[in-house]
1. At 7 Å along the Cα-to-beta-carbon direction for both B:K124 and A:E78, put a label point, then send me their distance in nm to one decimal.
2. If I fit a long axis through the Cα atoms of helix B:119-128 and take the longest principal axis of the Cα atoms of chain B, what angle between them do I get, 0 to 90°, rounded to 10?
3. What FRET efficiency comes out for B:E135 versus B:E160 if R0 is 25 angstrom and r is the Cβ-Cβ distance? Round to the nearest 0.05.
4. Debye sum, Cα scatterers, segment B:174-235, no solvent: what log₁₀ I/I(0) at q = 0.12, 0.15, 0.17 1/Å?
5. Testing the spin-label approximation: label points 7 Å from Cα along Cα→Cβ at A:K64 and B:E82. State their distance in nm.
6. Between A:K71 and B:R92, what is the label-to-label distance in nm when each label sits 7 Å out along the Cα-to-Cβ direction?
7. Where Lys and Arg each count +1 and Asp and Glu each count -1, what net charge lies around B:E167 among other residues with Cβ under 12 Å from its Cβ?
8. Cut-off 20 Å, label point 7 angstrom out along Cα-to-Cβ of B:T60: give me the residues of segment B:185-205 whose amide nitrogen falls inside.
Amino acid sequence: MAFIIDDLLLMPFNLAKKILEGIKNEVDKERLVTKEGVMEKLKEFQLLLDEGKISEKDYNQIEKNLIQRLKEIKKTEE
Amino acid sequence: MPVSRYIYGFIEEPKRKEFSFTGIDGKKVYSFNYQDLAAVLSEAEVIEYDPTRENLLAHTHVLEEILKKHLILPMSFGIIAENEEKVAELLRQNYLEFKRELKMLKGKIELGVKVLWIEDAVVKEIESRGKDFQEFKKKIVDSSVKEVQNTKLKVGKLVESIVREWEKKYVQKIYSSLKEIAADSRLSQPIGIKMLLNSSFLVDKNKEKDFDKRVNELAQKYENKLKFKYVGPVPPYNFVNIKLKGL
């Protein structure tokens, strides 16, 4: 019934798909340019996993990509 | 054998001892003391650990196990010292600070309260204001891509305005009510779009039951609009205020 809201709530998940597809612009737009921004996103996805809204498999892939992003940011800061 | 040490936190402990549980990478956890204070450590295989869920859980698990018997000043994830000598140096340089913080936290616990809005409740609210959700649903099914986008935007705006309204009406009241029973309180950044309140409270151990009661009362009062997530006691992450010297 609340599928429209579900859609809005899945917004971070749609972002995940884009991360998986490696679209750089989207990533930058969504505040993934700072370490803090990435950590915030990581926490969001952990919450989604805990609530059963995404699968462990999807989470693991997203986590991998976000941590990769974190490493890239750290490199540019050095 | 790796020389680096992963630091979980600091406790009052005059002796070197090994704990029964393991930490990151499944390594043994032990206390390394300087006088009556000790760092809680495990061997670190790498110079940096990724903040994966696995590693974060291992870190948290150690802190929660320690908390069963000791008051601990928790470190954030990922603090690694080159070797035990560096840890000894840390303990020496920050000794007075650590003692002061431990004294301040003695007899107190940290409890966390998160408040989120309930989807179905927001839908009900939209419907009660005369915007028929069925109509929106129909539009999504029958319409062009552009119309679908517009409808989603409309719904999104409605949801947002209701959520902001509830935030104004209820969140401050909830936070203030809980602050009354706490010695100290902190607000953190809400996680995700459904969270309205992400708060931590430092509460006297002998007031824990009163605090429990208050949380339950509030959860019941708002149960048809808001969901409460209540955790604790947890290590006092949010009330430890140390600028580590020498790291």
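Derivation of every value follows stated rules applied to the coordinates shown; laboratory data play no part. Quick caveat: nothing in here was measured; it's all calculated off a predicted structure. We place every Cβ from the backbone using ideal geometry, glycine too, and count neighbours over all the protein chains shown.
1. 5.5 nm
2. 30 degrees
3. On the way: r = 19 Å, r/R0 = 0.76.
In this case the efficiency is close to 0.85.
4. Here log10 of I(q) over I(0) equals -0.29, -0.46, -0.59.
5. Here the answer is 3.5 nm between the modelled labels.
6. It works out to 3.7 nm between the two label points.
7. Net of charged neighbours comes to +4.
8. B:186-203, by backbone N distance to the label point.
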